[in-house]
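Below is one structure, written out as structure tokens, with a few remarks after it.
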Amino acid sequence: MDPVEPLTTVDRYYLAWTQYLHQHGHEPRDAALSQHLAENGMTGRGGAPVSPSTLRRYLPHFRIYSAWSRHLDQEGETPTPDQLFSALAGQGITGTPYTPEKVAPLLADFPRRRAALTAHTSSRS
């Protein structure tokens, strides 16, 4: 069995993003996610809250990963960039970060993230 990589900082941001989404019923904006992270003990350099501008760049990735993971759960197969684009558009999520060309390079890290998140979740049970 291959060892699972530990959660990255961005994986932890994603976990906080999903926690916020479940608690509030909507996605956090960058400033709200920064505050949520700080309230849960995750800070940036020097103990200051993680900068909203740092988090802002990850928000599209979190939406894309969430759609990727949902497709994998529902269909039992890894979605193509075109399938992800369609799924996101179906949720009203459109724009430059969500084109198949922009989504494709992100897909390489998603299996690692899923394995790390799964291992993290099962170790907490």
| message | Using only DSSP helix segments of four residues or longer, with each worth -39500 (n - 2.57), what per-residue ellipticity at 222 nm results for the chain after dividing by its residue count and rounding to 500? | response | -18500 deg cm²/dmol
| Carbon + sulfur, % of accessible area of segment 1-98 - ligands and nucleic acids excluded, 1.4 Å | 49
| request: Assign one of three labels to the chain, namely rounded, prolate or oblate, based on the Cα gyration tensor with a ≥ b ≥ c the square roots of its eigenvalues; rounded applies when a/c is under 1.5, prolate when it is not and a/b is larger than b/c, and oblate otherwise. | output: oblate
| Solvent-accessible area of residue 118 with every protein chain in place, 1.4 Å probe, in Å² to the nearest 10 | 80
| Cα lying deepest toward the dipole's positive end in segment 79-125, options 98, 110, 87, charges on Cβ | 110
| Lys, Arg +1 and Asp, Glu -1 on Cβ, resulting dipole of the chain about Cα centre, debye, nearest 20 | 400
| What accessible area per residue comes out for the chain, rounded to a whole number of Å², with a 1.4 Å probe? | 60
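The values are calculated or read from the model by the stated rules, or taken from the named source; none is laboratory data. What you see is a predicted model, and the numbers here were worked out from it, not measured in a lab. In this analysis, Cβ positions are derived from the backbone assuming ideal geometry, glycine residues included, and neighbour counts consider all displayed protein chains. Side chains are part of the model used for accessible areas, which takes the heavy atoms of the whole protein and leaves out ligands, DNA and RNA. Shrake-Rupley method; radii C 1.70, N 1.55, O 1.52, S 1.80 Å.
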